[in-house]
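Q: Before I ask anything, here is the structure I am working with.
The values are calculated or read from the model by the stated rules, or taken from the named source; none is laboratory data. All figures in this text were calculated on a predicted structure; none of them were measured in a lab. Don't worry about glycine lacking a Cβ; one is built from the backbone with ideal geometry, like all the others, and counts go over all protein chains shown.
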């Protein structure tokens with residue numbers, strides 16, 4: 001078991017650093033994406049409230 | 001409670017990413033792909049830094065390069081990807097059926113039969129460091145280790161007998177492989193090319209290299225740049241069983 005930790009120590013450390021960087025990067029991107037979706041949703045709701053006839057079919 | 005769950009999730013996610021990166025790095029080690037991988041890592045880091053600093057134009061260019069690099073990556077690593085996928089399908093399962101002692105027995109038997117007939121042999125056994133560069137210099141065999149095959153390979157006046165063979169995991173990976181000669185000035189001038197090549201490889205990698213001398217028939221082992229001469233059958237078996245662990249190897 002001890003041998004497993006000591007084998008390829010540098011590769012393990014580099015992999016860990018890369019894993020942490022990737023996690024934080026992807027996490028940040030996901031937060032941005034969620035915020036953008038929320039904003040889009042909000043703006044579409046607001047536009048519907050302001051202009052209720054927007055969705056209605058034209059009356060013949 | 002929720003905090004603990006989310007912390008555990010984060011740790012598991014980082015763990016999965018670590019496992020993937022570790023697998024890729026171990027797999028690429030010892031191959032020509034390692035330089036490409038190093039380049040990709042540098043470009044990725046550069047990409048992240050420029051994104052954080054808000055260099056939009058540079059980032060735009062890098063995004064386009066990334067799109068192209070996916071295709072380039074598949075072409076450059078075509079062989080490695082194929083081999084890696086094949087390994088995932090085969091090696092993991094075959095580990096359960098590995099008979100380490102049988103492989104050692106086959107190698108030892110071959111070495112001493114060759115020694116009896118004074119036929120030279122050079123056998124490199126891969127351990128942690130991958131010998132992909134050396135395997136590529138030879139002729140692919142990819143066969144189960146058995147003494148008859150080992151002896152046939154080293155028979156004089158046959159196309160494969162020149163150079164060394166590489167045993168990777170439980171298979172004979174290649175024969176006719178070229179190993180680097182030792183540059184150590186302290187090495188005796190009495191040693192032939194085969195012994196020098198064995199020492200050279202053992203200096204550069206952690207491989208176990210078994211040599212059968214053509215002149216004396218003596219069996220020697222080179223490990224970590226050190227040569228142990230004239231081993232008997234029991235000693236060779238002991239050395240191999242202490243150092244050769246195909247089931248513990250991380251060949252992905």
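To keep it simple, each residue is scored yes or no on (1) assigned to a helix (DSSP H, G or I); (2) modelled with pLDDT under 90.
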| residue | (1), (2) |
| --- | --- |
| B:182 | no, yes |
| B:185 | no, yes |
| B:188 | no, yes |
| B:198 | yes, no |
| B:202 | yes, yes |
| B:210 | no, no |
| B:230 | no, yes |
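Q: Quick check on region B:178-186. Is at least one of its residues without any contact (Cβ under 8 Å) to a residue 12 or more places away in the chain and more than 23 Å from the chain's Cα centre (by Cα)?
A: Yes; the residues of region B:178-186 include at least one that is without any contact (Cβ under 8 Å) to a residue 12 or more places away in the chain and more than 23 Å from the chain's Cα centre (by Cα).
Q: Residues in region B:3-49 that are in contact (Cβ under 8 Å) with a residue 24 or more places away in the chain, in a helix (DSSP H, G or I) and either under 12 Å from residue A:15 (Cβ atoms) or within 12 Å of chain A (Cβ to nearest Cβ) (or both): how many?
A: Going through region B:3-49 one residue at a time, the tally reaches 5.
Q: Please specify each residue of region B:147-175 satisfying the condition of being buried (at least 16 other Cβ atoms within 10 Å of the Cβ) and either free of Cβ contacts under 8 Å to residues at least 24 places away in the same chain or not in a strand (DSSP E or B) (or both).
A: Once the filter is applied, which keeps residues that are buried (at least 16 other Cβ atoms within 10 Å of the Cβ) and either free of Cβ contacts under 8 Å to residues at least 24 places away in the same chain or not in a strand (DSSP E or B) (or both), region B:147-175 yields B:147, B:149, B:150, B:151, B:153, B:154, B:160, B:161, B:163, B:169, B:170.
Q: Looking at region B:134-170 only, could you name the residues that are under 12 Å from the mean Cα position of the chain (by Cα) and over 26 Å from residue B:116 (Cβ atoms)?
A: Listed by number, the residues that qualify are B:134, B:135, B:136, B:168, B:169.
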